[in-house]
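Written below as structure tokens is the structure these notes are about.
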Amino acid sequence: MRAVLVEEFGPVDSHKLGEIDPPTPGAGEVLIDIHAIGINFPDTLMMQGLYQTKPERPFTPGRDVAGVISGVGDDVTGFKVGDRVMAIVPWGAYAETCVAQTVRCFHLPDDVDYVTAAGMATVYMTSWVALMERGGYQPGDKVLILGASGGVGLAAVQIAKAHGAFVVGGSSSEERGKIVLENGADAVIDLSVDDINENLRQQVFAAAGKEGVDIVLDPLGGDIFTAALRTLAFAGRIVCIGFIAGIPTARANYFNVKNVTLVGMALDLHFRFKPSVIKAAAEDVLKLLAEGKIAPRIEGTYDLNDFQTALSQFKATKSPGKLVLTTGRS
Ligand SMILES: NC(=O)c1ccc[n+]([C@@H]2O[C@H](COP(=O)([O-])OP(=O)(O)OC[C@H]3O[C@@H](n4cnc5c(N)ncnc54)[C@H](OP(=O)(O)O)[C@@H]3O)[C@@H](O)[C@H]2O)c1
């Protein structure tokens, strides 16, 4: 089968498509004939050896797939050959087939196509778990979503609005800020300002009221994280999702001033330690999709053969939305 192979960690354009034997599902695993593969920011980090998980080489990168189960290992219950599924694997998705533990597989309703499902998996599940489980969302909470035009951010905007939040989205671009508004945010703030430490608080208070916000979802880190701490209301929660702008340090006194809680967020650990949360996330995300309350922005699709073009487009694109690879299966 065709599969992208990372022989040694390196820039995304140093990796090639190769031919390898299809994997065999082990106990508790299924084999998936992949139709569509979602591209995510962590894929590019893993290819370069910059992600916290560093697989033995050679390996196949990629985490989000949608397709049809074509084999089952021992001790599999609840899934059978022919089932349409979306799955989030640790790696191995940029290929024509992959194996997935059943805890990482979700049945697809008939009317959800493979490209949509592959474009949703990691970003919508991450946003849901960050908001609902780690952020302790309560209906009507005010939520500040940083990096709101990104994959995780835009999904978070949609999910929070669908659950009745007052949403403030942060973007560094006026054009992308408009898209954040179109996706349901009540207000957008500018993250490109010079004096972010003071200015972020002023913008958030102007948008959400001077008590501040109940939850901050932060996929950015850096100076923006420190500034965002100052926007929280009493007993607010800030959820660390990612560090695109750098890994920040924080003075502990910030947490005392308003009884603020700093919460870590790692989606992958939930498959092992909190599968019930993963199940609840998938059920709610697919329900909201069916109700038309959320919808991923699919920016483009590329054949798996053209993964290099897709990844360079992913790096270059300034337009919010997901890029998806397809394997040619109809
Ligand atoms: N914790 C987890 O389990 C988990 C799971 C999935 C992803 N993540 C992490 O979440 C983060 C976001 O992923 P994503 O897929 O949403 O990424 P993305 O689609 O690339 O979007 C990130 C957004 O951040 C903004 N941005 C980009 N570079 C920036 C910089 N240097 N400083 C400030 N803002 C910047 C951009 O928005 P504007 O241009 O509009 O400002 C961009 O739209 C990544 O670090 C990823 O690794 C974590």
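Looking only at residues of the stretch 274-318 that are of a type in the set (Phe, Trp, Tyr) and at pLDDT 95 or above, we find that the one that is surrounded by the fewest Cβ atoms within 10 Å (Cβ to Cβ) is 302. Scanning the stretch 230-252 for residues that are within 16 Å of the ligand (Cβ to nearest atom) and not in a loop (DSSP other than H, G, I, E, B) yields 237, 238, 239, 240. Would you confirm whether or not the stretch 209-220 contains a residue that is under 22 Å from residue 314 (Cα atoms), in contact (Cβ under 8 Å) with a residue 12 or more places away in the chain and charged (D, E, K, R)? Yes, some residue in the stretch 209-220 is under 22 Å from residue 314 (Cα atoms), in contact (Cβ under 8 Å) with a residue 12 or more places away in the chain and charged (D, E, K, R). For the stretch 1-21, a residue qualifies if it is open to solvent by 30 Å² or more (accessible area, probe 1.4 Å), in a loop (DSSP other than H, G, I, E, B) and at pLDDT 95 or above, and the qualifying residues are 1, 7, 8, 9, 20, 21. Inclusion of residue 225 among residues that are outside any strand (DSSP E or B), modelled with pLDDT of 95 or more and not assigned by TED's automatic domain parsing to the domain that holds residue 295 is warranted.
Remark: pairs (first residue in the stretch 259-283, in a helix (DSSP H, G or I); second residue open to solvent by less than 40 Å² (accessible area, probe 1.4 Å) and away from the ligand (no atom under 13 Å from the Cβ); Cβ separation under 7 Å; 6+ apart in sequence or on different chains) = 271/104; 282/106.
Residues in the stretch 102-149 that are at positive phi and either in a strand (DSSP E or B) or more than 10 Å from the ligand (Cβ to nearest atom) (or both): 136, 140.
Scanning the stretch 319-328 finds no residues that are open to solvent by 70 Å² or more (accessible area, probe 1.4 Å) and touching a residue at least 40 places away in the same chain (Cβ under 8 Å).
Of the residues making up the stretch 22-66, those that are over 19 Å from the mean Cα position of the chain (by Cα) and assigned to a strand (DSSP E or B) are 29, 30, 31, 32, 33, 34, 35, 59.
Suppose the filter is at pLDDT 95 or above and within 23 Å of the chain's Cα centre (by Cα); does residue 154 pass it? In short, yes. Would the stretch 301-315 turn up any residue that is within 14 Å of residue 121 (Cβ to Cβ) and assigned by TED's automatic domain parsing to the domain that holds residue 32? There is no residue in the stretch 301-315 that is within 14 Å of residue 121 (Cβ to Cβ) and assigned by TED's automatic domain parsing to the domain that holds residue 32. Scanning the stretch 162-176 for residues that are under 12 Å from residue 207 (Cβ atoms) and small (Gly, Ala, Ser) gives 169, 170. Residue count for the stretch 112-125 under the criterion of being surrounded by fewer than 22 Cβ atoms within 10 Å (Cβ to Cβ) and farther than 14 Å from residue 285 by Cα: the result is 2. Residues that are out of contact with any Ser or Thr (no Cβ under 8 Å at 6 or more places or on another chain) and open to solvent by 40 Å² or more (accessible area, probe 1.4 Å) were ranked within the stretch 22-44; the one that is farthest from the ligand (Cβ to nearest atom) is 24. Output the residues belonging to the stretch 161-176 that are more than 19 Å from the chain's Cα centre (by Cα) and surrounded by 15 or more Cβ atoms within 10 Å (Cβ to Cβ). Matches in the stretch 161-176: 165, 166, 172, 173.
The values are calculated or read from the model by the stated rules, or taken from the named source; none is laboratory data. The structure displayed is predicted, hence computed values, not measured ones. Methodologically, a virtual Cβ is constructed for each residue, glycine included, from the backbone with ideal geometry; neighbour enumeration extends over all protein chains shown. In case anyone asks, the SASA skips ligands and DNA or RNA and just uses the protein heavy atoms, side chains included. Shrake-Rupley method; radii C 1.70, N 1.55, O 1.52, S 1.80 Å.
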